[in-house]
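Worksheet for the structure shown next.
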Amino acid sequence: MPVWQNVAFRLQSGVLKQTNKHAREIAIEKLRRVGLSPDIADQLPAELSGGMQKRVGLARAIAANPEIIFFDEPTTGLDPIMAGIINELIREIVVETGVTAMTITHDMSSVDAIADTVAMLHDGIIQWSGPKKNFRKCGDPFVNQFINGRANGPIETLR
């Protein structure tokens, strides 16, 4: 399906049932919000760069004005510059709309850019949680190993 239908998917299904015209207008407005021009609305997602695809995903996430947005590795596969742009967009949208966002990431740059509160999971258990400002200096050996990318420590790795 073209980009605009992808962005408007939730608007046209379920209880929202927007007309094609109205859903397309909302989709184009959300695409603009994430820095994409209306001319990509009729393209297929596969025709877009990775960074543009991430922006389309963000536009789709905000199209129906949700209260909560889940992000799963929102910067994976992007170069550091585009990852920074996506992180800035996420932060802007969260602040602007007041939406609650939960992000799963292993990218410490993303944590620094978008988090308020951090929780680190290891083997399905919350190893540490608290304000972002305390994350890097919390003293937990699991957190320390993870954020510093060390092979040796309490997190066992396959060798």
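Only one of the listed residues (ARG32, ARG60, ARG24, ARG10) is over 25 Å from THR100 (Cβ atoms) and of a type in the set (Lys, Arg). That residue is ARG24. Within the stretch 98-105, can one find any residue that is in contact with a strand residue (DSSP E or B) (Cβ under 6 Å, 6 or more places away or on another chain), of a type in the set (Val, Ile, Thr) and crowded, with 18+ Cβ neighbours inside 10 Å? Checked against the condition, which is being in contact with a strand residue (DSSP E or B) (Cβ under 6 Å, 6 or more places away or on another chain), of a type in the set (Val, Ile, Thr) and crowded, with 18+ Cβ neighbours inside 10 Å, the stretch 98-105 yields at least one hit.
Being out of contact with any Gly (no Cβ under 8 Å at 6 or more places or on another chain) and farther than 20 Å from GLU92 by Cα: is that true of GLU25 here? The answer is yes for GLU25.
Scoring ALA83 on the criteria (1) within 12 Å of the chain's Cα centre (by Cα); (2) surrounded by fewer than 19 Cβ atoms within 10 Å (Cβ to Cβ); (3) assigned by TED's automatic domain parsing to the domain that holds MET108 leaves a single failure, condition (2).
For the stretch 60-135, the helices (runs of 4 or more DSSP H) that sit wholly inside it and include 1 or more residues that are aliphatic (A, V, I, L, M) and without any contact (Cβ under 8 Å) to a residue 40 or more places away in the chain are 80-97, 108-114. The residues of the stretch 136-155 that are outside any loop (DSSP other than H, G, I, E, B) and farther than 16 Å from ASP112 by Cα, listed by number, are PRO141, PHE142, GLN145. For the stretch 125-140, state whether one or more residues are among the hydroxyl-bearing types (Ser, Thr, Tyr) and either farther than 22 Å from ILE28 by Cβ or modelled with pLDDT of 95 or more (or both). Among the residues of the stretch 125-140, at least one is among the hydroxyl-bearing types (Ser, Thr, Tyr) and either farther than 22 Å from ILE28 by Cβ or modelled with pLDDT of 95 or more (or both), which makes the answer yes. Is it the case that some residue within the stretch 43-51 is without any contact (Cβ under 8 Å) to a residue 60 or more places away in the chain, closer than 30 Å to PHE146 by Cβ and assigned to a helix (DSSP H, G or I)? Checked against the condition, which is being without any contact (Cβ under 8 Å) to a residue 60 or more places away in the chain, closer than 30 Å to PHE146 by Cβ and assigned to a helix (DSSP H, G or I), the stretch 43-51 yields at least one hit.
When the residues of the stretch 1-33 are narrowed to those that are part of a loop (DSSP other than H, G, I, E, B) and at pLDDT 95 or above, which ends up surrounded by the most Cβ atoms within 10 Å (Cβ to Cβ)? Ranking the candidates gives ALA8 first.
The values are calculated or read from the model by the stated rules, or taken from the named source; none is laboratory data. Because the structure is a prediction, the values reported are computed rather than measured. Glycine gets a Cβ as well: all are built from the backbone with ideal geometry, and neighbour counts include every protein chain shown.
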